[in-house]
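Right, one structure below, let's go through it.
Read-outs: derived from the displayed coordinates by stated rules, not from any lab. Predicted model, so just to flag it, every value in this text is computed and none were measured. Every residue, glycine among them, receives a Cβ derived from its backbone with ideal geometry; neighbour counts consider all protein chains shown.
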Amino acid sequence: MRRRFAGCIAKGRLLAPFVFLAAAFVAAAANAACQPTVSGEQATVDKHYDGDTLRLSDGRRLRLLGIDTPEMNYRKGAPQALATTALHRLQSLLPRGGTLRLVPDRQQHDRYGRLLAHTYTPDGVSVEETLLREGLAVSFILPPNLAQADCLLAAERAARMAHRGVWALPAYRPQAATSVRADGSYRLIRGKVSSAMRRGNWILLKLDRRVQLRIGRTDWSRFSPTDHLAWRGQTVIARGKIQAHNGQPTLRLWHPAQLERSN
């Protein structure tokens, strides 16, 4: 019995350093930051609109890249769940009158004329990654702005697995394609691909003959498999904001992270 006990102690001594290193690696991965690719520019915060949009002191309106936070709905009624929490968290990370660092990606303005940038606190903390990891935002990866895509998706995945923030809400659980409405809300939709076709510059997938997924052919090149017909009969989960298009619920997809196979 003593020999067995001594052997266990010896093995434990041998394994201890490896266990420690493994734990350290996991901890480091969990705290890994989305590092900027260039130095960027310094700016000053003037006003916060919601959890992902603010105004700079020079008058420019800034839209944080790679994320989407719940809507405040200033003109449409009550804020969405956790919208106010996301706004307050952004205010705590980037207070009014304080400085921030802006790091551009490939596209620097959106169709509304807003500045697009990855945003960092003065001490180098990624604001987008923080909001994603705390479950106060969902990823919104829009090509060609892909510099931080992998890091931001990993932060969101951690929050989703831990059911933090929005990921603990019923509205963010997968819903049947047959029951969703085109109300502009962010949804996860589960359904079977009942049809798949190429029409002009679009790839069109239909879920349960009700919800249409629209993917530009240029964006489709990043999806796998690229043969759209191979998706027929697959049960998938698609996510994004459901809009009405030609009288039917429609979801626009830009990035493969918005479409996953469902077991």
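Conditions first: (1) without any contact (Cβ under 8 Å) to a residue 40 or more places away in the chain; (2) surrounded by fewer than 16 Cβ atoms within 10 Å (Cβ to Cβ). Gly184 passes all but one, so which condition is the exception?
The one condition Gly184 does not meet is (1).
For the range 40-67, which positions are surrounded by 19 or more Cβ atoms within 10 Å (Cβ to Cβ) and in a strand (DSSP E or B)?
Kept after step one, since they are surrounded by 19 or more Cβ atoms within 10 Å (Cβ to Cβ), are these residues of the range 40-67: 43, 45, 50-52, 54, 62-67.
Scanning the range 40-67 gives Ala43, Val45, Leu54, Leu62, Arg63, Leu64, Gly66, Ile67.
Can you name the residue in the range 236-251 that is under 13 Å from Ser185 (Cα atoms) and of a type outside the set (Ser, Thr, Tyr) and, of all such residues, is surrounded by the most Cβ atoms within 10 Å (Cβ to Cβ)? I'd like the intermediate steps shown before the answer.
Looking only at the range 236-251, we keep the residues that are under 13 Å from Ser185 (Cα atoms), and these are 239-244, 249-251.
Within this subset, residues satisfying the condition of being of a type outside the set (Ser, Thr, Tyr) are 239-244, 249, 251.
Values: Arg239: 20, Gly240: 21, Lys241: 16, Ile242: 22, Gln243: 15, Ala244: 12, Pro249: 19, Leu251: 25.
Among residues in the range 236-251 that are under 13 Å from Ser185 (Cα atoms) and of a type outside the set (Ser, Thr, Tyr), the one surrounded by the most Cβ atoms within 10 Å (Cβ to Cβ) is Leu251.
With the checklist (1) under 20 Å from the mean Cα position of the chain (by Cα); (2) surrounded by 20 or more Cβ atoms within 10 Å (Cβ to Cβ); (3) over 17 Å from Val166 (Cβ atoms) in hand, flag the one item Arg114 doesn't pass.
Status for Arg114: all satisfied but (2).
For residues that are outside any loop (DSSP other than H, G, I, E, B) and without any contact (Cβ under 8 Å) to a residue 24 or more places away in the chain, tally how many sit in the range 74-91. Walk me through how you get there before you give the answer.
Going residue by residue through the range 74-91, those that are outside any loop (DSSP other than H, G, I, E, B) are 83-91.
With the extra rule that they be without any contact (Cβ under 8 Å) to a residue 24 or more places away in the chain, the set shrinks to 84, 88.
Residues flagged as outside any loop (DSSP other than H, G, I, E, B) and without any contact (Cβ under 8 Å) to a residue 24 or more places away in the chain within the range 74-91 amount to 2.
Return a yes/no flag: does the range 236-246 have any residue that is in a loop (DSSP other than H, G, I, E, B) and in contact with an Asp or Glu (Cβ under 9 Å, 6 or more places away or on another chain). Walk me through how you get there before you give the answer.
Initial filter on the range 236-246 (in a loop (DSSP other than H, G, I, E, B)): 246.
Among the residues that remain, those that are also in contact with an Asp or Glu (Cβ under 9 Å, 6 or more places away or on another chain) are: none.
Within the range 236-246, none of the residues are in a loop (DSSP other than H, G, I, E, B) and in contact with an Asp or Glu (Cβ under 9 Å, 6 or more places away or on another chain).
If we scan the range 222-229, do we find a residue that is touching a strand residue (DSSP E or B) at 6+ places or on another chain (Cβ under 7 Å) and assigned to a helix (DSSP H, G or I)?
Within the range 222-229, one or more residues are touching a strand residue (DSSP E or B) at 6+ places or on another chain (Cβ under 7 Å) and assigned to a helix (DSSP H, G or I).
Checking Trp254 against (1) surrounded by 16 or more Cβ atoms within 10 Å (Cβ to Cβ); (2) touching an Asp or Glu at 6+ places or on another chain (Cβ under 7 Å); (3) over 24 Å from Asp68 (Cβ atoms); (4) of a type outside the set (Val, Ile, Thr): exactly one of these is not met. Which one?
(3)
Looking at the structure I just gave you, is Thr121 surrounded by fewer than 19 Cβ atoms within 10 Å (Cβ to Cβ), among the β-branched types (Val, Ile, Thr) and within 13 Å of Gln35 (Cα to Cα)? Steps first, answer last, please.
Numbers: surrounded by fewer than 19 Cβ atoms within 10 Å (Cβ to Cβ): yes; among the β-branched types (Val, Ile, Thr): yes; within 13 Å of Gln35 (Cα to Cα): yes.
Against the criterion (surrounded by fewer than 19 Cβ atoms within 10 Å (Cβ to Cβ), among the β-branched types (Val, Ile, Thr) and within 13 Å of Gln35 (Cα to Cα)), Thr121 qualifies.
Looking at the range 164-177, which of its residues are over 14 Å from the mean Cα position of the chain (by Cα), surrounded by 13 or more Cβ atoms within 10 Å (Cβ to Cβ) and either assigned to a helix (DSSP H, G or I) or not small (Gly, Ala, Ser) (or both)? Walk me through how you get there before you give the answer.
Filtering the range 164-177 down to residues over 14 Å from the mean Cα position of the chain (by Cα) leaves 168-171, 173-177.
Imposing the further condition that a residue be surrounded by 13 or more Cβ atoms within 10 Å (Cβ to Cβ) reduces the set to 168-169, 171, 174-177.
Listed by number, the residues that qualify are Ala168, Leu169, Ala171, Pro174, Gln175, Ala177.
For the list (1) surrounded by fewer than 17 Cβ atoms within 10 Å (Cβ to Cβ); (2) within 21 Å of the chain's Cα centre (by Cα), I need the number of the one condition that Gly233 fails.
Only one criterion is unmet by Gly233, namely (2).
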